[in-house]
Amino acid sequence: MAQFKAVATVEAKAIITFGECELRALDAMTGYGIEAFLKVFYAELGEANMRPYEQDLRALFATLNPPVSEALAKVNQARRVLEEASNKSGVKDAPQN
């Protein structure tokens, strides 16, 4: 006879919209890589709170870093294009961020 086992699961998801400043902060935080982040985190704050979530944090860094870097590269490129267009048209004091 086949065995039957009921299992309940709970899943949580979040959708977050970041502005440019938050993206730059995430880029700065993840840009050095997970090993550097964990080394400093553990040295300064200890391991008790983060150690159980280390694999999840590694996954988070791997998930965040590429698209954040790509988004910021597009922002930087758009800003350069606008600045070049502004310079060609003679408009001064283009907005800076």
**OP:** Name the single residue, out of those in the stretch 1-26 being modelled with pLDDT of 95 or more and charged (D, E, K, R), that is farthest from residue 56 (Cα to Cα).
**Re:** 20
Original post:
Does residue 83 qualify as being of a type in the set (Asp, Glu) and at pLDDT 95 or above?
Top reply: no
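The values are calculated or read from the model by the stated rules, or taken from the named source; none is laboratory data. The model shown is predicted, which means the values in this text are computed figures rather than measured ones.
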